[in-house]
Every structure is written in structure tokens, then in C-alpha cells.
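Working notes, structure below.
The values are calculated or read from the model by the stated rules, or taken from the named source; none is laboratory data. Since the model is a prediction, treat every value here as computed from it, not as a measurement. Here Cβ is always computed from backbone atoms with ideal geometry, including for glycine, and neighbour counts include all displayed protein chains. Note: areas computed on protein heavy atoms with side chains; ligands, DNA, RNA excluded. Shrake-Rupley method; radii C 1.70, N 1.55, O 1.52, S 1.80 Å.
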Amino acid sequence: MKKDNYIAIVLAAGQGSRMRSDVAKQYMTIYDKPMLYYSLKVFQESDIDEIVLVVGDQEADYCREHIVEYYGFDKVKAIAIGGKERYLSVYNALLVAEERRSKGVYDGEHQYVLIHDSARPLITSKIIEDTMQEVVTYNAVVVAVPSKDTIKIADETGIIKNTPKRSQTYIIQTPQAFEFNLLKQSYQETMKHTDLEITDDAMIVEHGSHHSIKIVEGDYKNIKVTTPEDIAIAEMLMKVSCVIA
Ligand code: CTP
Ligand code: MG
């Protein structure tokens, strides 16, 4: 039987506005390396077939030369240019992957796409392996951890409306992985509704299909570096996880 193909989309576009730093957060230095390096390294050393890296408009040459080539990430086969919103960055990468597929680059029976935020530099090989394994069974999976806190739903004025059962609430991480055609078709449907605020990839499939989405166990250390204090937390977590020597 033909082997399946696994394509990682690593997102490194976006402004990082909540970080309030001069350098976009994905290029901020953590232990002498740009944040983006850490995600690319784990994917490079995984069983993923190839990486489509998504970067900002002006950053493609810098990334190719100073990150992809400099660190020898030869699984990065294409660089896509990001869009205005995260889900549009993913869409641009999908178009690039679609073009590669039409050229016959992917020879497997199925193609699976794993989408990952470079703002999560603590991604592990175990999470990638588990995601790759589970997406074959479920076609749509997201990495998540059970919420330790009680989550409340409030209205725009801050008045609490309801409280979902804590045992049913999860903090959603990346990677999120999908069978290629399911994700593409879901995008085609969801993009018809421009009023949606789409904050993760699963929402594309939730709105654009009736397909169920399975949770894969993540790791509390797989944080998204978003605000300035997260840099110190990421450094500390890297030390305790032995990501750095
Ligand atoms: N991202 C992207 N394209 C965008 C927006 C975000 O590729 N148009 C990527 C970011 O690089 C990041 C991931 O999506 O790795 C998660 O987004 P987030 O943490 O929200 O990053 P930013 O949008 O850059 O930050 P902020 O929302 O604070 O402006
Ligand atoms: Mg954002």
C-alpha cells in the first residue's frame, strides 16, 4: 500500500501585536535562536514529509536565508506569504500545497495537513507523532489539554451568561490536523460566510462540514507565546524540558 503524505504548515506571519515588541514575536530570540527555529526543528526531526512555512510579506528572503538554510531545515519545501488573519495565512499555505499536489509531488494514498503556530516553540515530537497517528483514524484532530480553570461565557458587558461543565472544557493548542480534501472543502464552505471570527483551524471544519473533530492529548507546556511575560515562561519551560542544553 502507498504511504500517506504528511504536510506541516508552520505559521510565522502575523504582527504579534499583544507582545508589543519591535521585532515580531516569532523572530524574538530565545536562548540565542529565533522562536521560529524551535518549531521548525521538531518538525524537521519528525516523520513529517514536508513543511510549508508561512511568513509575512517582507520576510520570505530573510527566513529562507537566515533560518531555513542557516539551520539546514531541508524539509521546508515552500514558503507561502501570510494573509491578514491567521486562517487566511493557512489558506495561502493550502493553495501552495494544492499546487504541489497537482504537480504530483505527493504520491501517497492520502494527504494529511498538520497546522502549527510557530508561537508554540515547546511543541514536542510526541505531540507530532500522536497527531499523525490520530488524524489517520479521525481525519480531523486538535491537540488540547483539559482546562484547569473554570471557564465562563460572558456577554459584551462582562455579565456572566453560563458556565460550561469544567470536565467538558479544553484549552486548544496546535498542531491541528486534517485530511487534505476535508480541510479544503471546509474552507470553500466557510469562506462564504465572511462575518465569522475564526480563531483556530477546527472552526473551519466545524462551520464548513458536519465532520466530527477528535481531541488529541497535548501538553500544558505547549504554551502559545502571546504577551511579554510568556517569553520568560517559555525560557523556563525549555530549561526544565531540556529543549536547551
Ligand atoms: N499568524 C499568521 N498569520 C496571521 C496571524 C497569525 O501566520 N495573519 C500566526 C502567528 O505567527 C502565530 C500564530 O498564527 O504563530 C498564532 O497567532 P497569534 O498568537 O495570535 O499571533 P499574532 O496574530 O501574530 O499576534 P497578535 O494576535 O497578538 O497580534
Ligand atoms: Mg493573532
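For residue 43, the criteria (1) touching a residue at least 60 places away in the same chain (Cβ under 8 Å); (2) open to solvent by 10 Å² or more (accessible area, probe 1.4 Å); (3) more than 10 Å from ligand 1 (Cβ to nearest atom) hold in every case but one, which is (2).
Here is a yes/no grid of residues against (1) open to solvent by less than 50 Å² (accessible area, probe 1.4 Å); (2) touching a residue at least 24 places away in the same chain (Cβ under 8 Å); (3) under 17 Å from the mean Cα position of the chain (by Cα):
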| position | (1), (2), (3) |
| --- | --- |
| 52 | yes, yes, yes |
| 63 | yes, yes, no |
| 73 | yes, yes, no |
| 94 | yes, yes, yes |
| 99 | no, no, no |
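Do we find a residue being within 16 Å of ligand 2 (Cβ to nearest atom) and touching an Asp or Glu at 6+ places or on another chain (Cβ under 8 Å) anywhere in region 47-55? No, region 47-55 has no match at all.
Hey, can you tell me all the residues within region 6-22 that are more than 10 Å from ligand 2 (Cβ to nearest atom) and open to solvent by 80 Å² or more (accessible area, probe 1.4 Å)? Scanning region 6-22 gives 20, 22. Is it the case that residue 36 is within 12 Å of ligand 1 (Cβ to nearest atom) and assigned to a helix (DSSP H, G or I)? Yes, satisfied. Of the residues 96, 113, 90, the single one that is over 21 Å from residue 244 (Cβ atoms), in a strand (DSSP E or B) and within 16 Å of ligand 1 (Cβ to nearest atom) is 113.
Within region 197-229, being of a type in the set (S, T, N, Q) and farther than 27 Å from residue 84 by Cβ holds for one residue alone: 212. Among what's in region 75-86 and is within 16 Å of ligand 2 (Cβ to nearest atom) and assigned to a loop (DSSP other than H, G, I, E, B), pick the residue that is surrounded by the fewest Cβ atoms within 10 Å (Cβ to Cβ). Only one residue tops the list, namely 84.
Note on region 43-74: residues that are within 25 Å of residue 185 (Cα to Cα) and in a loop (DSSP other than H, G, I, E, B) total 2. Restricted to region 23-33, and to residues that are more than 13 Å from ligand 1 (Cβ to nearest atom) and under 16 Å from residue 62 (Cβ atoms), which residue is least open to solvent (accessible area, probe 1.4 Å)? Across region 23-33, the extreme among qualifying residues is 33. Restricting attention to region 203-212, the residues that are in contact with a strand residue (DSSP E or B) (Cβ under 7 Å, 6 or more places away or on another chain) and crowded, with 18+ Cβ neighbours inside 10 Å total 1.
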